[in-house]
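Trainee: Got a structure for you, questions after.
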Amino acid sequence: MHVKRTITHCTAAVMLAVAVVFPQSGIAPIDIERAGQSGWQFLKINGDARQAAMAGAYTAIGSGNAASVFGNPASLADVTAADIRLNALQWVADIDHQSFAAAYSLGDVGVVGVSLAVLDYGDIAETVNAPAGTSGTTPLITGNTFTAGDMAAGISYARKVTDNLSVGGNVRWMHQDIAGLVMRNWSLDFGTMYYTGYRSLRVAITARNFGPDSRFGGWSEEFQSESDNVRMPLDFRAGIAMDFLEEEGGPHLLTVTVEGDHPNDGREKFHVGTSYTYEKMFFLRGGYKFNYDVQRFTFGAGMHYAFGEMRGTLDYAYVDFGVLTQVHMFSLGFSL
């Protein structure tokens, strides 16, 4: 009876989560592409190799560390002492992305964290429109270059409300600079993680990138107008995950996670990720992304090692971007 009741509660929780992320009505929705309707796109890049190798299905992945600030901040509650994560990758078009996160447990009070993410676009060739009266519309390269970059710094907090429920959130300050034009803003993230009580089955929900609109500049005398508002890339996710092969003292562990993603500037997406663990030391991971334009499959590996009282983690992820390129991601972690 207890198992049936637990499964019923879990099913209701999943249906509620799906209803929140993918609301339905009696009227068929109009198929409208929302691409390009928000800015601050670098906030969508999650540099953590562990989460990326599982197709970015981070919502209910569990076993959180400091890098949870870039996924589901509620998983920060799993940190028991101190944890540090360093992430590095080269994004498409030779764009460099680095991120850092640190978390510290305050016992029953909760877990606090700090994070920093930096995106460097490198040198970009300057172009101008073809002079009036000339044939063709191809922009002309001036020979000059300009640079652009993004930065997000944040503080985080998470706490286990009960043995089964964890909540967490981030507050971030962002800075964007394109050829000397500067824009700043702030944002909030929220996350929950609920263990149903049936084995390791868990349900999680995240809501990321809440914040006001922003502008690159004020009134322009040249164009007699103000710049358009730049919206935040709101992102709502709901996911479930469960561990298999979890025999007491056994060397094997298989984690499977599935999530739905509802952004405000694109189609709904789905992520499926798996992770196989051997002796809690070696990891093989893989995943697949559905309803993306170019991204499809991911895979990766990782290992844990110990030196003294400290534990180290090295993770790698490969993300396929189809005709664009392939992205290789590396993460290094230290925990007590």
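Trainee: Take the Cα of Ala82, step 7 Å along the line toward its Cβ, and report every residue of the range 285-326 whose backbone nitrogen sits under 16 Å from that point.
Mentor: In the range 285-326, the label zone of Ala82 (backbone N under 16 Å from the point 7 Å along Cα→Cβ) covers 307-313.
Trainee: Hey, another quick one. The range 234-320: which trypsin sites (Lys or Arg not before Pro) are DSSP loop and have at most 11 other beta-carbon atoms within 10 angstrom?
Mentor: Lys280
Trainee: Okay, moving on. Evaluate E = 1/(1 + (r/R0)^6) for Met310 and Arg199, where r is the Cβ-Cβ distance and R0 equals 45 Å; express this FRET efficiency to the nearest 0.05.
Mentor: 0.90
Trainee: Then there is this: Could you compute the FRET efficiency for Asp320 and Leu234, with r as their C-beta to C-beta distance and R0 at 25 Å, rounded to 0.05?
Mentor: 0.45
Trainee: To the nearest 0.05, what FRET efficiency results for Leu332 and Ile141 with a Förster distance of 22 Å applied to their C-beta separation?
Mentor: 0.05
Trainee: Under the Karplus relation 6.51 cos²θ - 1.76 cosθ + 1.60, θ = phi - 60°, what is the ordered set of whole-Hz ³J(HN,Hα) values for the range 306-321, x standing for Gly and Pro?
Mentor: After applying 6.51 cos²θ - 1.76 cosθ + 1.60, I find 10, 9, x, 8, 9, 10, x, 9, 10, 10, 9, 9, 10, 10, 8, 10 Hz.
Trainee: Compute the distance in nm between two label points, each set 7 Å from the Cα along the Cα-to-Cβ direction, one at Glu126 and one at Ile155.
Mentor: The two pseudo-label positions are separated by 4.0 nm.
Trainee: Additional query: Please list 3J(HN,Hα) in residue order for the range 93-106, calculated via the Karplus relation 6.51 cos²θ - 1.76 cosθ + 1.60 where θ = phi - 60°; whole Hz, with x for glycine and proline.
Mentor: 6, 6, 8, 9, 9, 10, 8, 9, 8, 9, 9, 9, 7, 9
Trainee: Express in nm, to one decimal, how much length is gained between Ala179 and Met281 on full extension, taking 0.36 nm for each residue of separation and deducting their alpha carbon distance.
Mentor: Full extension of this stretch gives 32.1 nm more.
Trainee: Here's another thing I want to ask about it. Rg to Rh ratio, the range 259-324, alpha-carbon atoms and Kirkwood radius?
Mentor: For the range 259-324, the value is 1.12.
Trainee: Another question, then. Based on alpha-carbon centroids, what's the gap between the range 265-299 and the range 65-124 in Å, whole number please?
Mentor: About 19 Å separates the Cα centre of the range 265-299 from the one of the range 65-124.
Trainee: Return the distance in nm (one decimal) between the two label points of a simple spin-label model at Phe270 and Arg215, each offset 7 Å from Cα along Cα→Cβ.
Mentor: About 4.3 nm, to one decimal.
Laboratory data are not the source of any read-out in this text; all were calculated from the coordinates shown. Nothing here was measured: the structure is a model prediction, and the numbers come from that model. We place every Cβ from the backbone using ideal geometry, glycine too, and count neighbours over all the protein chains shown.
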